[in-house]
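The structure under discussion appears below in the form of structure tokens.
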Amino acid sequence: MSPAETPKAVKVVKKSKTAPKSKKAVAPKIAPVHNLDIGDHHVTVGEIFSDKPKMTMRNINVFYADKQAIHDVSIDIAENEVIAMIGPSGCGKSTFLRALNRMNDTVDGCRVEGDIRMDGEDLYAPKLDVVELRARVGMVFQKPNPFPKSIYDNVAYGPKIHGLADTRVDLDEIVENSLRKASLWEEVKERLHQPGTGLSGGQQQRLCIARAIAVSPEVILMDEPCSALDPIATARIEELIEELSQNFTIAIVTHSMQQAARVSHRTAYFHLGKLIEVNPTKQVFTMPEHPLTEAYITGRFG
Amino acid sequence: MSKATEHLSKIKHSLARRNRAEARFRWYGRIAIFIGLAAVAVLFGDIVNKGHGAFRTTYINLDVSYDQDLIGVNNLADSEQLAAGNWDALTKSALRTKFPNISGRSDKRRLNNLLSNGAGFDLKDRLLESPQLLGKTESVWMLADDDIDTYYKSWLAGEPYAARLSDKQVIWIGELHQQGLIKLQFNSNFFMRGDSREPEQAGILGAAIGSFLTLIVTLMLSFPIGVCAAIYLEEFAPKNRWTDFIEVNINNLAAVPSIIFGLLGLAIFINFFHVPRSVPLIGGLVLTLMTLPTIIITSRAAIKSVPPSIREAALGMGASRYQVVLHHVLPLALPGMLTGAIIGMAQALGETAPLLMIGMVAFIVDIPSGFSDPATVLPVQIFLWADSPERAFIEKTSAAIMVLLSFLIIMNTSAVWLRKRLERRW
């Protein structure tokens with residue numbers, strides 16, 4: 001979505017019943033919610049499943065040692081959709097995202113239970129190689145983390161290790177295409193061999209996106225990709241997400257409700273490790289089904 | 001209001017006290033630094049003051065006639081003749097020609113003692129270099145004996161020290177000095193020769209080469225083993241009791257007195273594996289045991305300082321853990337690892353105690369030419385010279401310390417330089 005459309009999303013939030021009319025009175029008029037406990041037995045409300053699922057997750061539980069971070073989450077991610085995961089800090093949205101490309105494997109003591117499939121293939125099958133999985137499910141992290149190498153080498157790294165380019169010319173082409181798709185090409189084409197760490201924060205994050213799409217993944221996971229960026233850089237990344245959604249399936253974790261409203265087709269609301277509600281984004285921000293979702297998006301807690 | 005002013009005056013009072021305490025503390029720091037610097041300055045000053053004399057030594061100029069009958073050699077190609085040749089006769093006759101009025105056995109012996117007993121062999125080398133000199137006469141600067149050297153230097157400095165010289169020898173030196181036939185010259189022997197019982201012929205090269213060979217063995221073994229161990233422990237090993245146990249023990253090993261490693265080397269490498277004693281190979285093995293903990297600990301610290309975001313980025317791209325280590329962690333950690341290795345090497349270079357246990361304290365004249373040649377190392381050479389009774393060894397000892405210190409300074413400087421050079425920012 002272009003920045004010009006941004007006010008619409010804001011207006012949507014304002015329409016909801018409990019939202020205050022005047023700016024001055026914001027704080028006192030919102031009645032705080034104190035009892036956030038939703039009990040052990042909980043059923044996710046909304047449109048959880050999809051007719052054309054790219055990834056299916058069923059009864060996912062994630063544990064850090066003895067502590068359970070994700071409780072019995074089931075959800076589908078449809079082909080070429082942008083799904084946003086929102087919720088208060090510590091609600092498990094990042095943990096859930098990292099279960100999708102098995103990045104949790106690298107965390108000591110982390111255990112994932114349940115069934116996660118991509119195109120029907122079990123991602124936690126013992127014979128599946130995580131290297132292959134991560135080539136198919138790319139990831140963009142919260143803090144821009146380009147390698148301390150040149151811009152070119154950053155983008156070329158994935159194709160190189162996966163053997164995607166046979167010749168130098170092929171590799172050059174992949175690098176250029178990826179940078180173009182990440183709308184970074186015009187800014188860096190003159191200095192491809194300078195260090196990627198010398199770019200601005202927003203450029204670094206777009207470089208990381210270019211790096212992720214250089215291996216042509218099917219799904220891109222984004223873990224709060226704009227939280228370290230200023231509003232202008234954020235707007236560019238959001239535009240980019242819109243463009244990328246034509247070719248890729250994108251799952252984005254964000255703690256900005258406005259961002260979720262702007263970029264996503266569907267929104268999933270997490271609360272204390274449980275998935276409360278999944279619905280089309282418009283509906284979540286106008287007519288949430290679950291009272292907790294409503295309380296969260298209207299700012300009564302979190 | 002009065003309560004408020006009282007309150008304020010209390011704060012002001014305590015503020016003055018705090019400021020005084022801070023000023024005092026700064027002075028403690030300055031004094032500590034001054035004491036440290038003064039100690040270093042005194043140490044260096046003393047060593048340089050004592051040792052600088054060793055870089056020059058005394059030579060005496062005499063007319064030498066390469067008389068075939070005197071040496072008993074008429075064919076320079078005949079090695080048997082060369083070996084049996086009476087080379088000392090050359091120096092003796094040269095001295096006799098210079099001081100013809102000497103009679104009596106003891107005076108003759110004193111006269112002969114003006115020159116180093118190696119001077120004859122220097123003439124032999126000179127003759128082999130230029131065979132056309134056989135049968136001719138030339139004036140040659142020849143190495144003086146160490147007692148003469150000590151006396152001449154102290155006499156030039158205005159505080160003559162003639163303890164072991166007879167009055168006549170003192171007079172002869174005076175005569176030679178008047179005629180300009182005795183002088184101080186750069187002591188190339190000190191840098192070009194191995195150890196010797198004769199101080200004027202003793203050099204540092206044997207020990208320096210021994211140290212170099214020993215350090216090569218140490219580096220070749222300890223760096224790869226240490227880095228591999230560090231990488232495995234940091235990047236691959238599961239975090240459990242076993243790895244905790246190993247970590248604690250590596251830290252303990254770093255604190256073990258170095259002589260224990262010498263005993264271990266003696267028991268295992270020499271007695272069990274029958275590695276020859278007193279050679280750079282065994283020295284390097286023992287020093288490897290000693291430097292391994294240092295290298296492992298510094299390498300692990302270097303690996304830990306690589307930001308986890310880089311690992312995540314690489315893993316997220318589908319790099320295997322081996323690729324993450326090889327492509328990303330290792331290049332970023334390498335400067336730190338190299339610094340650790342150089343500091344470990346500098347530690348090994350200065351180590352004496354473990355080498356005493358494996359026979360490297362031996363008196364070795366020949367310059368080692370390989371890892372299995374008997375050798376000694378710089379700190380042991382310093383120990384040996386410091387233990388020798390000849391006065392001339394005092395300045396040799398200090399000079400050897402200067403050589404060792406300059407090696408250490410070079411190594412530590414290169415560690416700093418390497419770190420600055422290779423360090424990449426992220």
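Here, each number is a calculation from the coordinates, and none is a lab measurement. Being a predicted model, the structure only gives us computed values, none of them experimental. All Cβ positions, even for glycine, are placed from backbone atoms using ideal geometry, and neighbour counts span all protein chains on display.
To test your reading of the geometry: what angle, between 0 and 90 degrees and rounded to tens, separates the Cα axis of helix A:168-181 from the longest principal axis of chain A?
Once rounded, one gets 30 degrees.
Return the distance in nm (one decimal) between the two label points of a simple spin-label model at residue A:107 and residue A:246, each offset 7 Å from Cα along Cα→Cβ.
Result for the modelled spin labels: 3.6 nm.
Using a Gaussian network model of chain A whose springs link C-alpha atoms within less than 10 Å, name the residue from A:158, A:109, A:138 with the highest mean-square fluctuation.
Taking springs between Cα atoms under 10 Å, the residue moving most is A:109.
Averaged over all directions, how much area does the convex hull of the C-alpha atoms of the protein assembly as shown cover when projected, in nm²? Numbers along the way, then the final one.
Details: hull surface 214.6 nm².
Result: 53.6 nm².
Using the Karplus curve 6.51 cos²θ - 1.76 cosθ + 1.60 with θ = phi - 60°, what ³J(HN,Hα) values do you get for each residue of the stretch A:229-243, in whole Hz, with x for Gly and Pro?
10, 7, x, 5, 4, 4, 4, 5, 5, 5, 4, 4, 4, 4, 5
For the stretch A:132-212, count the residues as N, evaluate 2.2 N^0.38 Å, and divide the Cα radius of gyration by that value, please.
Cα-based Rg divided by the globular estimate yields 1.00.
If the elastic network links every pair of Cα atoms under 10 Å, which of B:141, B:385, B:27 fluctuates the most in the Gaussian network model of chain B?
The residue with the greatest mean-square fluctuation here is B:27.
Counting only residues 5 or more places away or on other chains, whose amide H sits under 5 Å from the amide H of residue A:69 once H atoms are built in the peptide plane?
Here the answer is A:62, A:63, A:64, since their amide H atoms fall under 5 Å of that of residue A:69.
Report, in degrees rounded to the nearest 10, the 0 to 90 angle that the Cα long axis of helix A:151-162 makes with the longest principal axis of chain A.
Approximately 90 degrees, to the nearest ten.
Quick one: dipole size for the protein assembly as shown, taken about the Cα centre, charges +1 on Lys/Arg Cβ and -1 on Asp/Glu Cβ, in debye to the nearest 20.
On the way: 78 positive and 75 negative charges, 717 e Å.
Around 3440 debye, computed over the protein assembly as shown.
Suppose every Lys and Arg Cβ carries +1 and every Asp and Glu Cβ carries -1, with no other charges. What dipole size does the stretch B:205-422 come out with about its Cα centre, to the nearest 20 debye?
580
Averaged across B:304-313, how many Cβ atoms of other chains sit within 10 Å of each residue's Cβ atom? Could you put the intermediate results ahead of the total?
Details: counts 0, 0, 1, 3, 2, 6, 4, 2, 9, 13.
So the per-residue partner count for this stretch is 4.
Tell me the volume per residue, in Å³, of the convex hull enclosing the alpha carbons of chain B.
268
Give me the inter-chain shielding for B:323-333: mean count of other chain Cβ atoms within 10 Å, whole number please.
Numbers: counts 4, 1, 0, 0, 6, 4, 0, 0, 3, 2, 0.
The per-residue average across the peptide is 2.
Suppose a student asked you for the relative contact order of chain B, using Cα pairs under 8 Å spaced at least 6 residues apart; what percent would you report?
Once normalised by length, the contact order is 19 percent.
About its Cα centre, what dipole magnitude does chain A give when the only charges are +1 on Lys and Arg Cβ and -1 on Asp and Glu Cβ, stated in debye to the nearest 20?
Taking the Cα centre of chain A as origin, the dipole is about 1360 debye.
Which of B:398, B:258, B:79 moves most in a GNM of chain B, Cα contacts under 10 Å?
Result: B:79 has the largest fluctuation of those listed.
Farthest toward the dipole's positive end in the protein assembly as shown, which of A:286, B:166, B:416, given Cβ charges of +1 (Lys, Arg) and -1 (Asp, Glu) about the Cα centre?
So the residue we want is A:286.
Along each principal axis of its Cα atoms, how long is the stretch B:32-72 end to end? Whole angstroms, biggest number first, please.
Principal-axis extents of the Cα atoms in the stretch B:32-72, largest first: 71, 17, 8 Å.
Beyond 18 Å, what share of the Cα-Cα pairs of the stretch B:57-191 is found? Please give it as a whole percent.
Value for the stretch B:57-191: 54 percent of Cα pairs lie more than 18 Å apart.
Using only C-alpha positions, report the orientation-averaged shadow area of the convex hull of the stretch B:205-422, nm², one decimal. If you can, show how the numbers build up before the last one.
Details: hull surface 54.5 nm².
If I average the Cα hull's projected area over directions, I get 13.6 nm².
Tell me the mean residue ellipticity at 222 nm calculated for chain A from its helices only (DSSP H runs of n ≥ 4, each -39500 (n - 2.57), averaged over every residue, nearest 500).
The helix-only estimate for chain A comes to -9500 deg cm²/dmol at 222 nm.
Tell me which of B:23, B:49, B:37 sits at the most positive position along the dipole axis of the stretch B:2-52, charges placed on C-beta atoms (Lys, Arg +1; Asp, Glu -1).
B:23
Filter the trypsin sites (Lys or Arg not before Pro) in the stretch B:215-316 to those in DSSP coil with at most 12 other Cβ atoms within 10 Å of their Cβ, and list the result.
Filter output for the stretch B:215-316: B:239.
How are the alpha carbon pair distances in chain A distributed across 10 Å bins from zero to the largest one, expressed in percent?
The percentages, shortest bin first, are 6, 27, 33, 23, 9, 2, 0.
Could you tell me which residue out of B:60, B:82, B:133 lies farthest along the dipole of the stretch B:7-135 toward its positive end? Charges go on the beta carbon: Lys and Arg +1, Asp and Glu -1, centred on the Cα centre.
Value: B:60.
Jot down the radius of gyration and Dmax of the stretch A:179-241, Cα atoms only, both in angstrom.
My reading of the Cα-based Rg and Dmax gives 11.4, 30 Å.
Which pairs in the list A:93/B:239; A:52/A:181; B:396/B:420; B:98/B:396; A:127/B:304 are over 28 Å apart, alpha-carbon to alpha-carbon?
B:396/B:420; B:98/B:396; A:127/B:304
Explain nothing, just the number: relative contact order of the stretch B:1-111, from Cα pairs under 8 Å at least 6 residues apart, as a whole percent. Could you put the intermediate results ahead of the total?
Numbers: 35 pairs, mean separation 19.3, N = 111.
Once divided by the residue count of the stretch B:1-111, the mean separation gives 17 percent.
What are the trypsin sites (Lys or Arg not before Pro) within the stretch B:162-231 that DSSP puts in a loop, where the Cβ has at most 15 other Cβ atoms within 10 Å?
Filter output for the stretch B:162-231: B:164, B:197.
Stokes-Einstein D for the stretch A:57-159 at 25 °C, 0.890 mPa s, Kirkwood Rh over Cα pairs, in µm²/s?
In µm²/s, the coefficient is 160.
Please tell me the relative contact order of the stretch B:205-422 in percent, rounded to the nearest whole number, where contacts are Cα pairs under 8 Å and at least six residues apart.
Contact order relative to length: 32 percent.
When Rg is the radius of gyration of the Cα atoms in the stretch B:2-52 and Rh is its Kirkwood radius, what does Rg/Rh come to? Mind dumping the intermediate values first?
On the way: Rg = 22.1 Å, Rh = 14.3 Å.
Answer for the stretch B:2-52: 1.54.
May I ask you to list the aspartates and glutamates whose Cα is less than 12 Å away from that of residue A:143, ignoring any residue fewer than eight positions away on the same chain?
Within reach: A:223, A:224, B:312.
Test of understanding: ordering A:179, B:326 by Cβ neighbours within 10 Å, fewest first, what list do you get?
By the 10 Å Cβ count, ascending, the order reads B:326, A:179.
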